[in-house]
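Read the structure below first, then the notes.
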Amino acid sequence: IVFHRVISGFVIQAGCPQGTGTGGPGYTIKAEFNAKPHEAGVLSMARTNDPNSAGSQFFLCLGRVPHLDNQYTGFGKTADEASLKTVLTIGAVDTDANDKPREPVKIRKGSVVVTPK
């Protein structure tokens with residue numbers, strides 16, 4: 001999976017099967033808005049103007065983005081400082097006029113860490 005959209009100080013976005021930002025999985029997921037603030041390292045579902053149009057695309061915030069709060073489904077956060085540093089490093093790559101990284105930035109592996117409440 002490639003990061004097809006990188007906007008410095010805002011978000012890095014991935015999850016498009018085509019790597020272009022135009023594709024999805026062929027189904028949508030109903031929005032689950034919550035009180036999670038969109039701050040650096042927060043993982044959230046990308047969508048169109050329709051709140052219930054999320055599918056496979058997601059983004060990670062590069063800083064505090066309050067206008068996304070209660071508008072997008074935040075469902076995770078980077079696990080530690082090292083993973084946040086990786087996200088911020090991706091957020092600083094050189095991009096073209098369409099916010100696409102000039103050199104591909106790929107997700108090679110990932111893991112989910114569950115923190116008991």
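The values are calculated or read from the model by the stated rules, or taken from the named source; none is laboratory data. Bear in mind that the values here come from a model prediction, so they are computed numbers and not experimental data. When we count neighbours, we look across all protein chains shown, and the Cβ atoms used for this are built from the backbone with ideal geometry, even at glycine. Note: areas computed on protein heavy atoms with side chains; ligands, DNA, RNA excluded. Shrake-Rupley method; radii C 1.70, N 1.55, O 1.52, S 1.80 Å.
Values computed for the structure shown
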item: Estimated dipole of the stretch 7-117 in Debye, rounded to 20 [Cβ of Lys and Arg +1, of Asp and Glu -1, Cα centre]; result: 280 debye
item: In Hz, Karplus ³J(HN,Hα) per residue of the stretch 103-117 (6.51, -1.76, 1.60; θ = phi - 60°; x = Gly, Pro); result: 10, x, 10, 10, 8, 9, 7, x, 8, 10, 10, 9, 9, x, 7
item: Sequence-distant residues sharing a close amide H with residue 95 (under 5 Å, placed H); result: 102
item: For the stretch 11-64, accessible area per residue (1.4 Å probe, heavy atoms of protein chains only), Å²; result: 49 Å²
item: Sulfur and carbon atoms: percent of accessible area, the stretch 1-116 [1.4 Å]; result: 53 percent
item: Trypsin sites (Lys or Arg not before Pro) within the stretch 6-92: DSSP coil, no more than 10 neighbouring Cβ in 10 Å; result: 30
item: Table column - 3J(HN,Hα) (Hz), the stretch 51-67, Karplus curve with 6.51, -1.76, 1.60, x for Gly and Pro; result: x, 9, 10, 5, x, 9, 7, 9, 9, 10, 6, 9, x, 6, 10, x, 5
item: From phi via Karplus (6.51, -1.76, 1.60), per-residue ³J(HN,Hα) for the stretch 86-102 in Hz, x at Gly/Pro; result: 4, 4, 5, 5, 4, x, 9, 5, 6, 10, 8, 5, 9, 6, 8, x, 5
item: Cα-based shape type of the stretch 17-109, given that a ≥ b ≥ c are square roots of the gyration tensor eigenvalues and the cut on a/c is 1.5; result: oblate
item: Helical mean residue ellipticity (222 nm; -39500 (n - 2.57) per DSSP H run of 4+; nearest 500) of the chain; result: -2500 deg cm²/dmol
